[in-house]
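Data block below; observations after.
The values are calculated or read from the model by the stated rules, or taken from the named source; none is laboratory data. A quick note: this is a predicted structure, and the numbers were derived from the prediction, not measured. When we count neighbours, we look across all protein chains shown, and the Cβ atoms used for this are built from the backbone with ideal geometry, even at glycine. Surface accessibility is based on the protein's heavy atoms, side chains included, excluding ligands, DNA and RNA. Shrake-Rupley method; radii C 1.70, N 1.55, O 1.52, S 1.80 Å.
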Amino acid sequence: WKHSNPVVDVRMLQHRNFATAACFMFVLGSVMFGTTVLMPQFLQVQLGYTAQSAGEALSLGAFVLMFMMPVVGQLVTRVDPRLLIATGFTITSLALYHMTVLNLGIDFHTAAMMRVYQTMGMAFIFIPISTMAYIGIPRHKSNQVAGINNLMRNLGGSVGIAMLSTFLIRLSQKHRVSLVAHATEGDPQFAQRIAGLTKTFTSQGIPANQAHSQAYAVLDRTISVQASTLAYIDIISVMAVVILCLVPFVLLMRRPKRGGAQSAPAH
């Protein structure tokens, strides 16, 4: 705080544009890295994808991001970057809302397109935010802007992954308790399902007592998988709302001077 040239100059946060951009980067890091972890985890654990297949489902979004970045880079000099940021937040929020249709019956194409829609929104966010962060900052502080922005994004990713992983476990437990409450002999559908599974196993030559136990084991696994899926949906829904709530805060950033936003140095 007292050093004239510190490694991390926290006094930079006194600049409104930069402070807002840093907060945006933290939240975006949480969402971007969080979904990058959650989606492959869902595909591998719940749907039985291999690590390679899960990675391929995400890779299409990366190609879309590579294509969109140069386009957005040109738009930044012609359109108010705040409008681009607000558009990106809205698209990302809608993409996350679309992901709430997540279920155990989705195919590879559906999973890949979920990632594509999300990365389309991200493309409208990162370049404009990086550009706006430099407005009002002295040129000799450019390295500080780049460094702190990257720090906030990575820190947000670390916090996001940790929090989302914890919430996933707790929400899964919560939904399991709710679902198990209906898994009783007094529930007609449950009793019918147990009887049907028992009959199926018995017809395969399994003794009646073992068939009955296996029927309960199958339903137990089904309940666990459904509870986890509901937990994924809950987490994605919350992220969609959080991203949408960022849109009004874009107005906190100072509008760039006429003729385009100040160009951000390469970093």
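Taking the stretch 180-196 as the range and being aliphatic (A, V, I, L, M) and either part of a helix (DSSP H, G or I) or on the phi > 0 side of the Ramachandran plot (or both) as the test, the residues that pass are Val180, Ala191, Ile194, Ala195. Being open to solvent by less than 70 Å² (accessible area, probe 1.4 Å) and part of a helix (DSSP H, G or I) is the filter here, so list the residues in the stretch 236-257 that pass it. Scanning the stretch 236-257 gives Ile236, Ser237, Met239, Ala240, Val242, Ile243, Val247, Val250. Within the stretch 104-130, residues that are farther than 28 Å from Met253 by Cβ reach partners that are at pLDDT 90 or above and open to solvent by 50 Å² or more (accessible area, probe 1.4 Å) with beta carbons closer than 7 Å, at six or more positions or on different chains, in the pairs Met114/His98. Checking each residue of the stretch 164-171 against the condition of being open to solvent by less than 90 Å² (accessible area, probe 1.4 Å) and either basic (Lys, Arg) or farther than 30 Å from Ala21 by Cβ (or both) gives at least one match. Each residue in the stretch 188-201 was checked for being surrounded by 16 or more Cβ atoms within 10 Å (Cβ to Cβ) and not aliphatic (A, V, I, L, M), and 3 pass.
Tell me, yes or no, whether the stretch 224-235 has at least one residue that is open to solvent by 50 Å² or more (accessible area, probe 1.4 Å), among the aromatic types (Phe, Trp, Tyr) and at pLDDT 85 or above. No, the stretch 224-235 has no match at all.
For (1) under 20 Å from Val242 (Cβ atoms); (2) among the hydrophobic types (A, V, I, L, M, F, W, C); (3) not in a helix (DSSP H, G or I), each residue gets a yes or a no:
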{"position": "Phe124", "(1), (2), (3)": "yes, yes, no"}
{"position": "Pro128", "(1), (2), (3)": "yes, no, no"}
{"position": "Asn143", "(1), (2), (3)": "no, no, no"}
{"position": "Leu155", "(1), (2), (3)": "yes, yes, no"}
{"position": "Ile161", "(1), (2), (3)": "yes, yes, no"}
